[in-house]
Amino acid sequence: MKNHFDDIAEDYNDIWAFTPGYQEFMRNAILEALVLQPNDQLVDVGGGTGSYTYLISQQAGLLNKPYCVEPSAPMAAVAAQNRQLKVCCEDANQFALRDIRYDKLLLKEVVHHIKDRPAVWQGVFKQLNDVGRMLIVTRPRKLNFPFFDAAKQAFYHNQADANIWADELSLAGFNVDIQYATYEFELDKPVWFNMLRNRFMSDLAPFSDADIEAGILQVDRQYPKRSTVPVVEQLVLIVADKK
Ligand SMILES: C[S@@+](CC[C@H](N)C(=O)[O-])C[C@H]1O[C@@H](n2cnc3c(N)ncnc32)[C@H](O)[C@@H]1O
């Protein structure tokens, strides 16, 4: 089945870059929550183009190449250009059936795409080493990005409350902790509007070009006489341990 990310794979790294400061914040939030150690085998499920898989593995000084598991063939093809990654073109449910062992698993901005989550949690519980950890990086339902109203509603509709996922993980046998991290920054309006036009998040996919242009005007009017928009990134980090 066609995946929204198939269409934006080539441009994904450019349109999702935000700023160097943002990337550092995201990288550090993941490293801190995963407690990634050089000896760890890392798996990044829904790893996209592998940009964060690579960023965090380099910063942690991983001795083993990390897996980037990605169901969109065009996204996986971009990831495969990086020889430091082991890329598997499959989805979370297919990967959860594998006979494989690892120490840390990352699901960054992916959990809302997974169809049969309990099957994934069961599979990951079996695959993770005894002191292994899974980290889900996601956002609260009320997004603080400078979205137009209809886009905010679409995001709210598509996103579940983090407690739902935490409860599912507890049921699968994990010890669960929910952590939060926030990063605020200003982004140039042309950069932000280009991200909206490129439908950088899948919630924007159903909007027509006319909807997007009307939405951009709405956002522009909210910040008159300014060349930037304020972006508030609020991460919800769901940490799930086997012990
Ligand atoms: C918002 S992107 C995040 C990519 C990457 N984690 C990052 O942060 O750069 C969501 C990714 O999840 C992938 N995805 C969609 N459905 C999936 C599924 N059922 N299992 C695993 N990944 C999935 C998409 O193809 C896409 O690459």
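Quick note: the coordinates plus some simple rules give every number you see, no bench work behind them. Remember, predicted model here, so these are calculated numbers, not experimental data. In this analysis, Cβ positions are derived from the backbone assuming ideal geometry, glycine residues included, and neighbour counts consider all displayed protein chains.
Which Cα, out of Phe207, Trp16, Phe147, lies furthest along the positive dipole direction of the chain (beta carbon charges, K/R +1, D/E -1)? Selected residue: Trp16. Sorted ascending by nearby beta carbons within 10 Å, beginning with the fewest, Leu31, Leu105, Leu237, Leu169 become Leu31, Leu237, Leu169, Leu105. In terms of the mean number of neighbouring beta-carbon atoms within 10 Å, the peptides 52-60, 185-193, 219-227 order highest first as 52-60, 185-193, 219-227.
State whether region 161-205 is rounded, prolate or oblate according to the following rule on the C-alpha gyration tensor (a ≥ b ≥ c being the square roots of its eigenvalues): a/c under 1.5 gives rounded; otherwise a/b larger than b/c gives prolate, and the remaining case gives oblate. Oblate, because a/c is 1.5 or more while a/b does not exceed b/c.
Computed about its Cα centre, the charge dipole of region 137-191 is approximately 180 debye, with only Lys, Arg, Asp and Glu carrying charge at their Cβ. The C-alpha atoms of the chain define a longest principal axis, and helix 51-60 lies at about 50 degrees to it. Positive contributions from Lys and Arg (+1) and negative ones from Asp and Glu (-1), summed over other residues with Cβ under 14 Å from the Cβ of Ala119, come out at 0.
Of the residues His112, Gly61, Val78, the one whose Cα sits farthest towards the positive end of the charge dipole of the chain is Gly61 (charges of +1 on Lys and Arg Cβ, -1 on Asp and Glu Cβ, taken about the Cα centre).
Once you charge only the Cβ atoms, +1 for Lys and Arg and -1 for Asp and Glu, what is the size of the charge dipole of the chain about its Cα centre, to the nearest 20 debye?
Numbers: 25 positive and 32 negative charges, 68 e Å.
That gives a dipole near 320 debye.
What FRET efficiency comes out for the pair Ala214/Asp11, r = Cβ-Cβ distance, R0 = 30 Å, nearest 0.05?
Working: r = 23 Å, r/R0 = 0.76.
Efficiency at R0 = 30 Å is approximately 0.85.
Taken about its Cα centre, region 115-243 carries a charge dipole of roughly 80 debye when the Cβ of each Lys and Arg holds +1 and the Cβ of each Asp and Glu holds -1.
Pairs with C-alpha atoms separated by more than 27 Å, drawn from the list Lys152/Lys242; Lys86/Lys108; Lys152/Lys189; Lys152/Lys225; Lys86/Lys115, are Lys152/Lys242. In order along region 128-134, the Karplus-derived 3J(HN,Hα) couplings, from 6.51 cos²θ - 1.76 cosθ + 1.60 at θ = phi - 60°, round to 5, 5, 4, 9, x, 9, 10 Hz, and Gly and Pro are given as x.
Over every Cα atom in region 87-243, the radius of gyration and the widest Cα-Cα span, Dmax, amount to 18.2, 57 Å.
Using C-alpha pairs under 8 Å with a sequence gap of at least 6, the mean separation divided by the residue count of the chain gives a relative contact order of 21 percent. What is the sum of charges, Lys and Arg at +1 and Asp and Glu at -1, for the other residues whose Cβ falls under 11 Å from the Cβ of Arg199? Here the charged neighbours net out to -4.
The sum of -39500 (n - 2.57) across all DSSP H runs of n ≥ 4, divided by the residue count of the chain, sets its helix-only mean residue ellipticity at 222 nm to -11500 deg cm²/dmol. Taking Cα atoms, how many degrees apart are the long axis of helix 149-158 and the longest axis of the chain, rounded to 10 and kept between 0 and 90? Compared with the principal axis, the helix lies near 20 degrees.
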